[in-house]
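The structure under discussion appears below in the form of structure tokens.
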Amino acid sequence: MSSDTICALATAPGGALGIIRVSGSDAFVAVSSLCSVRCNAVAANTTHYTRLVEYDAASQLQNIIDEAMVTVFKAPHSYTGEDSVEISCHGSRYILNKVLELLIQHGCRMANPGEFTQRAFLNGKMDLSQAEAVADLIASTNKATHDMAISQLRGHFSSQLAHLREQLLKLTSLLELELDFSDHEDLEFADRTELRNLVKTINKHITHLAHSFETGKAIKQGIPVAIIGKTNVGKSTLLNRLLHEERAIVSDIHGTTRDTIEDTMELQGITFRFIDTAGIRQTTDEVEQIGIERTYQAIQKARIVLWLIDKEPSTEEISSILQHTEGKKLIIINNKIDKADNNSYNLLNHPIIPISAKFGTGIDALEQAIYQAADIPTLTDTDVIVTNARHYDALVRAKKSIQRVIDGMELQLSGDLLSEDLRQALDTLSEITGGQITPNEVLGNIFKNFCVGK
Ligand SMILES: Nc1nc2c(ncn2[C@@H]2O[C@H](COP(=O)(O)OP(=O)(O)OP(=O)(O)O)[C@@H](O)[C@H]2O)c(=O)[nH]1
Ligand SMILES: [Mg+2]
């Protein structure tokens, strides 16, 4: 594959400029054939103004296609690690297609999605988790997703994994040393207490990383926040207020909302996914009942639950809500404080946020409480949050292997049995960065989601 020279449009169509990327052993020859820049001869990492031309054999004339800037990168100092050129021309669809067509005539082929990054990985310019971070970076829509992608791209996750692997290798070699000298009865090379401590530290670290996936996933997909409560308490009014648009129907008829309604909003750089739900009440209406079941499903999916009340709730309501929201961040909101008959309550010493969804009172404080409930750690320079399901899956499997080592140690199993599970954990962690030989199928799955030209 890497012997081919690939080309692709790297920018979205419709802009004033378009960038075409070319990479591979024939990149310089192909590009030099359509402009006056002798890519082989110029210095690396230099940009040149040139005309792009098409040579017409019949008339022996050169047709000018565009005036462009050509940047030359020489292997291995390029994104892909190969000889590469970026042609920056005007964004006309005709020009861009023409240039690609000419490059193909001169021996290039169109790149597959993510093929430039795949080559960067195969040429050792980055590991697999960093390659995945490139896709995340391009897809990032807010500060939080951007920060996580940058952290991964800069290799913070990779270096934590490298540290873990180092510790696992140390453990394995200590155990193997013990094996080699097992004939010498009194020799206890590996101090089992020290080993046990080391393996527990490793386990803690892997567990910590695996746990961060829940946060990572929530940040990537938007943190789900369910708005629940009895009918007519103002849930849909609150949704509209938070979204700054009339998204859900509001009326004073009980049971107006029958299905869940979802939309996203940004709070301090984090995307939240608000879910308005059907009000909870006893009903014989079949459709409404289905809606209420969906309310309970929405609670299950949510990370944060906003429970709206507009009068003092009964003890049954309180215990039912507490039961259904167990394990969730619960925020209790007293709505309609603009009404004279609405008092402030104190429920189970749980703070209650007073608002008027209709008039916008107390919304700032509520948004602050929602942001705090999301409990997003502020990413310092070296913090790592796992955001990728493939990484999470590998961490969970590595954790299982480590657990078997811990159990084996408790049972005083011999070193050779333990070291097998340790090797398994090592191999599994290596899958994340692609340190092991990564099957083509896995690579294909990763890079197919990239855009062409990256
Ligand atoms: N005075 C006052 N009225 C409000 C406030 N919030 C909502 N309302 C009114 O309460 C009624 C019900 O509001 P909705 O937002 O439809 O209530 P809901 O909880 O979505 O109701 P269901 O969909 O039936 O479960 C409407 O007439 C709203 O205008 C508020 O803060 N103050
Ligand atoms: Mg409603």
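Derivation of every value follows stated rules applied to the coordinates shown; laboratory data play no part. Just so we're clear, the structure is a prediction, and the values are computed from it rather than from any experiment. Counting neighbours? That spans all protein chains shown, and the Cβs are built from the backbone with ideal geometry, glycine included.
At a glance:
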| quantity | calculated |
| --- | --- |
| Residue 361 versus residue 349: modelled label distance in nm, points set 7 Å from Cα along the beta carbon direction | 2.9 |
| Cα-based equivalent ellipsoid of region 307-366: semi-axis lengths in Å, sorted from largest, via gyration tensor | 21, 14, 9 |
| Amide H contacts of residue 280 (H built 1.01 Å from N, under 5 Å, at least 5 apart or other chain) | 229, 230, 231 |
| Distance (nanometres) between label positions extended 7 Å along Cα→Cβ at residue 60 and residue 214 | 7.7 |
| Added length on full extension, which subtracts the Cα-Cα distance from 0.36 nm per residue, residue 47 to residue 159 | 36.9 nm |
| Exposure proxy ranking, count of Cβ atoms within 10 Å, fewest first, for 265, 110 | 110, 265 |
| Nearest-0.05 FRET efficiency for residue 77 and residue 412, computed from C-beta distance (R0 60 Å) | 0.65 |
| Selection from 159, 20, 297, by position along the positive dipole direction of the chain (Cβ) | 20 |
| Chain lengthening between residue 441 and residue 375 when straightened (0.36 nm per residue, less Cα-Cα) | 20.1 nm |
| Distance (nanometres) between label positions extended 7 Å along Cα→Cβ at residue 452 and residue 150 | 3.1 |
| Too-long pairs where the Cα-Cα distance tops 25 Å, listed order kept, from 143/230; 170/200; 235/329 | 143/230 |
| Neighbour-count ranking [beta-carbon atoms within 10 angstrom, fewest first] of 69, 126 | 69, 126 |
| All Cα pairs of region 1-122, percent lying beyond 23 Å | 24 |
| Directionally averaged shadow of region 354-454, computed from the convex hull of its alpha-carbon atoms, nm² | 13.1 |
| Exposure rule at most 13 other beta-carbon atoms within 10 Å, DSSP loop GluC sites (Glu not before Pro): the chain longest free segment | 1-184 |
| Amide H within-cut-off set for residue 361, under 5 Å, with H built and near neighbours excluded | 356 |
| Size descriptor, Kirkwood hydrodynamic radius, that averages inverse alpha-carbon separations across region 79-153, Å | 14.3 |
| Potential lengthening between residue 92 and residue 244 on full extension [0.36 nm per residue; Cα-Cα distance subtracted] | 50.9 nm |
| Two-decimal ratio, the chain, of alpha-carbon radius of gyration to 2.2 N^0.38 Å | 1.32 |
| Cα-derived Rg over Rh, computed across region 244-382 with Rh taken as Kirkwood radius | 0.96 |
| Residue-wise HN-Hα coupling along region 26-40, computed from phi with Karplus coefficients 6.51, -1.76, 1.60 (Hz; x: Gly, Pro) | 9, 4, 5, 4, 4, 5, 4, 6, 10, 7, 8, 7, 8, 4, 4 |
| Evaluated at q = 0.18, 0.19, 0.34 Å⁻¹: base-10 log I(q)/I(0), Debye formula over Cα of region 385-424 | -0.52, -0.55, -1.06 |
| Span-like helix ranges in the chain, DSSP H, alpha carbon extent 20 angstrom or more, Kyte mean at least -1.0 | 156-180, 192-221, 286-301, 389-410, 415-433 |
| FRET E, pair residue 194, residue 383, Förster distance 25 Å, beta-carbon r, rounded to 0.05 | 0.30 |
| Volume of the Cα convex hull of region 65-107, divided per residue and given in Å³ | 79 |
| Residues 318, 290, 331, sorted so that the one with the fewest Cβ neighbours within 10 Å comes first | 290, 318, 331 |
